[in-house]
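Participant: Quick one: structure below, then a few questions.
No value in this document is a laboratory result; all are computed from the given coordinates. In this text the structure is predicted, and so the values were computed from the model without any measurement. All Cβ positions, glycine included, derive from the backbone under ideal geometry; neighbour counts span all protein chains shown.
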Amino acid sequence: MRRISLSLALLFACLLVLAACGGKSKSSTSQSSTSKGSSDITGAEIVPASATAFFSISTDSSGAQWKQAMKLLARVPALQKSLNKSLSSSGIKLSEVEQALGSTTNFVQLGTSAKPTQVVLTDTKDPAKLKSILAKDTGKTKSVTTEIGSWLAVADSQAALDQFKRSE
């Protein structure tokens with residue numbers, strides 16, 4: 001999973017940065033909250049309060065943010081080439097990843113900075129497709145997945161998923 005994880009992390013980091021830099025956004029200083037203090041970020045409700053890092057990316061391939069990020073990624077040929085090379089070395093195409101991800105993908109880090117644990121959550125409509133992509137990884141560490149509500153959680157180990165579930 002290490003090679004695919006790094007490739008996907010690179011992709012999502014690029015998408016996050018490119019979407020933030022290239023898109024037009026409206027900001028508002030007003031905040032809305034409910035009596036429970038719920039978040040407007042999809043999936044945040046299942047992330048443990050003990051998480052040391054959390055970020056969420058819109059990975060809806062038909063959405064404006066994804067399309068804008070892909071346009072911007074195309075403007076950075078070296079980055080696009082590196083991403084494609086990394087994915088293709090495991091027999092994966094970016095289009096397969098686009099189809100397998102849900103509309104939102106969240107990255108969660110638990111633990112300390114000295115011993116972090118990462119879990120990726122996506123609201124995929126086709127868990128089997130995403131699992132088949134993860135199974136293509138030729139690295140030593142294989143992905144472990146579990147479904148948590150409507151989310152597919154992916155980690156490098158069952159211990160990481162267990163830690164995530166215990167912390168919920």
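Participant: Which number comes out as Rg/Rh for the range 97-167 once both Rg and the Kirkwood Rh are worked out on C-alpha atoms?
Facilitator: Details: Rg = 12.0 Å, Rh = 12.5 Å.
Rg/Rh: 0.96.
Participant: So, in Å, what gap is there between the alpha-carbon centers of the range 82-101 and the range 128-168?
Facilitator: 18
Participant: Shifting gears a bit: Among Lys81/Lys129; Lys125/Lys165; Lys136/Lys165; Lys71/Lys129; Lys93/Lys129; Lys67/Lys93, which pairs are too far apart, with a Cα-Cα distance over 19 Å? List each step's numbers first, then the result.
Facilitator: Values: Lys81/Lys129 24 Å; Lys125/Lys165 21 Å; Lys136/Lys165 26 Å; Lys71/Lys129 25 Å; Lys93/Lys129 13 Å; Lys67/Lys93 17 Å.
From Lys81/Lys129; Lys125/Lys165; Lys136/Lys165; Lys71/Lys129; Lys93/Lys129; Lys67/Lys93, over 19 Å: Lys81/Lys129; Lys125/Lys165; Lys136/Lys165; Lys71/Lys129.
Participant: Now for a separate question. Could you quote the convex hull projected area for the range 29-168, Cα atoms only and averaged over all directions, in nm²? Mind dumping the intermediate values first?
Facilitator: Numbers: hull surface 42.0 nm².
For the Cα atoms of the range 29-168, the hull's average projected area reads 10.5 nm².
Participant: Here's another thing I want to ask about it. Among Ile133, Ser150, Gly102, whose Cα sits farthest toward the positive end of the charge dipole of the range 68-161 (+1 at Cβ of Lys/Arg, -1 at Cβ of Asp/Glu, about the Cα centre)?
Facilitator: Ile133
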